[in-house]
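The values are calculated or read from the model by the stated rules, or taken from the named source; none is laboratory data. What you are looking at is a predicted structure, and each value in this text was computed from that prediction instead of being measured. Counting neighbours? That spans all protein chains shown, and the Cβs are built from the backbone with ideal geometry, glycine included. These accessible areas exclude ligands, DNA and RNA; they are computed on the full protein's heavy atoms, side chains included. Shrake-Rupley method; radii C 1.70, N 1.55, O 1.52, S 1.80 Å.
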Amino acid sequence: MTTPATPPSASAARTKAAPARPGRRVVAAAVAAALACVGFAAVNVGFEAADRFSQGPYAAYATGLSVMNWLVVALKAAGAAMALLSLVQRPRLPAPAVLAAGLWAAFATLGLYGLGSLVQVAGMATGVRGSPADVDVWGLAYVAFFLLMAGAFGVVAVSHTRRRGVPVRFAVLGALGAPLALGALLVGIPALLAAAGVMPAL
């Protein structure tokens with residue numbers, strides 16, 4: 001008995017539902033972003049292992065700095081996970097829209113930080129703020145690292161949003177909401193720690 005052919009409409013529906021595979025450039029950008037996040041998180045873990053914040057002029061704020069340091073580690077780990085999950089065809093979690101918002105959030109946050117650092121370097125180079133002597137190769141490499149990292153997340157975010165057909169509003173939500181939320185955390189957590197008497201007020 002001959003098996004009936006699959007109706008064209010059903011076949012088309014399955015094809016439409018299956019997201020396109022990311023290209024090589026997108027894969028390279030996602031892997032680079034994940035490795036950068038992991039490598040940079042390792043620096044923060046090294047700070048904790050060396051108990052860096054327990055001595056020096058900021059020793060009184062050691063608890064608060066430690067809390068913020070682990071928060072940064074968690075954010076970087078989340079960034080690495082999101083970059084790699086964007087390459088999975090059908091991840092169970094998170095939902096495509098949630099992942100898109102997270103990727104755009106990482107792009108916007110890193111981009112703003114990189115641009116802010118670039119403006120600071122430009123100010124030192126022109127003598128507006130600081131001295132041109134303060135600009136060195138390591139400082140320029142630091143700024144370039146964050147700008148490239150932001151660019152990698154931007155490539156991944158655009159690709160994921162298009163491939164999964166995520167509405168633009170989720171990209172806007174992630175890009176605009178993340179810097180505000182992060183700023184609130186950076187201000188709110190030290191304030192809470194100070195109110196609890198764990199460390200002096202800033």
When the Karplus curve 6.51 cos²θ - 1.76 cosθ + 1.60 is applied with θ = phi - 60°, which whole-Hz ³J(HN,Hα) does each residue of the stretch 120-125 get, with x for Gly and Pro? 5, 5, 4, x, 5, 5
Which ³J(HN,Hα) values, rounded to whole Hz and listed in residue order, are derived for the stretch 191-197 from phi using the Karplus coefficients 6.51, -1.76 and 1.60 in 6.51 cos²θ - 1.76 cosθ + 1.60 with θ = phi - 60°, glycine and proline given as x? 5, 5, 5, 5, 5, 7, x
Principal-axis tilt of helix 8-17 within the chain, Cα atoms, nearest 10 degrees: 10 degrees
Solvent accessible area, Å² - TRP104, 1.4 Å probe, full protein context: 50 Å²
Assigned charges on the beta-carbon of Lys, Arg, Asp, Glu; the stretch 24-196 dipole about Cα centre (debye): 940 debye
Could you check the simple spin-label distance between VAL172 and VAL187, using points 7 Å along Cα→Cβ, in nm with one decimal? 2.4 nm
Full-stretch length increase - ALA95, ALA42 - with 0.36 nm per residue and alpha-carbon distance subtracted: 16.3 nm
Compute the relative contact order of the stretch 24-196 as a whole-number percentage, counting only Cα pairs closer than 8 Å that sit 6 or more residues apart in sequence. 30 percent
Amide H neighbours of MET199 at under 5 Å, excluding residues fewer than 5 places away on the same chain, with H built from the backbone geometry, are ALA194
Grab the beta carbon distance between ARG24 and ALA74, set R0 = 35 Å, and tell me the FRET efficiency rounded to 0.05. 0.70
How are the C-alpha pair distances of the stretch 24-196 spread across 10 Å bins, as whole percents from the shortest bin up? 10, 31, 34, 20, 5, 0
